[in-house]
Structure formats: structure tokens, C-alpha cells
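The values are calculated or read from the model by the stated rules, or taken from the named source; none is laboratory data. Since the model is a prediction, treat every value here as computed from it, not as a measurement. Backbone-built Cβ (ideal geometry, glycine too); neighbour counts: all protein chains shown. In case anyone asks, the SASA skips ligands and DNA or RNA and just uses the protein heavy atoms, side chains included. Shrake-Rupley method; radii C 1.70, N 1.55, O 1.52, S 1.80 Å.
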Amino acid sequence: MKVQGWSRVDGYLTAALGLAAFLFATWYLPEYRAAGGVPQFYQDQFGPAVMLACGRGFVNVDSGSVPAFDDFLHQRTATLRCEDLPAAIRPVSLSGFHGSSRYLMTAAAIVWRVTGINFRALDVLIAAFLAVSIAAAYAAVRLGCARPVALIVVLLWMFSYRH
């Protein structure tokens with residue numbers, strides 16, 4: 001099969017795949033949890049995102065010194081309110097993870113400012129990341145493959161349990 005150049009159809013397919021991935025993720029994540037699944041994405045490292053969402057800047061703190069904060073980061077409670085944080089919390093150094101994921105932490109903080117601090121609220125962010133990765137994957141695979149092959153490859157990847 002000869003690879004044809006990029007066309008308007010590919011643009012529509014890219015957008016449709018992104019939308020489909022977003023909708024799939026927003027459906028799948030609650031189903032995954034209902035079946036007993038527990039998403040793991042280093043939630044215990046989201047202290048700076050919590051502090052930023054509460055208007056205290058991008059700082060890391062000793063979460064162990066504040067039981068409500070520690071319970072939230074270790075998923076023993078589902079939500080946290082900024083009012084639950086004391087005025088003074090002992091700061092600690094940012095880790096390498098915090099430095100390398102500052103934009104992720106900032107995005108989480110923005111979501112939390114709108115929705116309240118709850119890891120389930122980040123489902124919209126997870127769905128958006130899936131949508132962008134699927135759309136970008138189609139665009140990349142389409143550069144070297146015919147449209148049907150690129151579509152099949154990306155759909156298989158999208159529904160892979162690893163993704």
C-alpha cells in the first residue's frame with residue numbers, strides 16, 4: 001500500500017481519535033475504580049501541587065507533620081480542603097521528581113483550584129493526556145504508513161492495557 005501525503009481527512013481523523021480517546025478515558029477510569037482498580041501515579045509526591053492549589057506556592061512540605069495532608073497524599077482520604085492545612089508547615093526540599101514534573105503539578109493545581117482537591121478530579125487531566133498522546137501517535141505513525149495501517153496501529157495502542 002502506497003503512503004499518500006497528509007490530507008484534510010488525516011486532520012479530521014487526528015481530531016476524532018483525540019476526542020474518542022478523551023471520551024474513552026472519562027468512561028474507563030470510573031469503571032476501573034468500580035472494579036477495584038487503584039490508579040497509581042505517584043500521588044504521594046503531589047504535595048507541591050496541593051500547596052500551589054491552596055495558594056501557598058510551589059513548595060514541598062513535611063506531609064507527616066500534618067495528618068490530613070499525609071492521609072490525602074497516601075490516599076487514606078479522598079479529599080483535602082485548604083482549610084485543613086495549618087498556617088505554618090515545615091518546608092522540605094523539592095525532589096528531582098518535583099523538578100521534572102513541575103508542569104504536571106501545576107496542571108493538577110489548576111484543576112484542583114476549580115474542582116477542589118481530590119485525585120479523582122484529575123481524571124479530566126489524565127483523559128486529556130491520553131487524547132493528546134493518541135492524536136500525536138496517529139500523526140507520527142501516519143507519516144510512515146498508509147491511513148488504514150496507522151489507524152489500526154493507533155487503535156490497538158489506545159486500547160492496550162499497558163496504555
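Checking each residue in segment 74-96 for being part of a helix (DSSP H, G or I) and surrounded by 15 or more Cβ atoms within 10 Å (Cβ to Cβ) picks out C82, D84.
Got a sec? Which of R113, R142, R120 is out of contact with any Cys (no Cβ under 9 Å at 6 or more places or on another chain), open to solvent by 30 Å² or more (accessible area, probe 1.4 Å) and in a helix (DSSP H, G or I)? None of the others qualify; the one that does is R120. Within segment 35-72, the set of residues being of a type in the set (A, V, I, L, M) and either surrounded by 15 or more Cβ atoms within 10 Å (Cβ to Cβ) or closer than 12 Å to R102 by Cα (or both) comprises A49, V50, M51, L52, A53, V59, V61, V66, A68.
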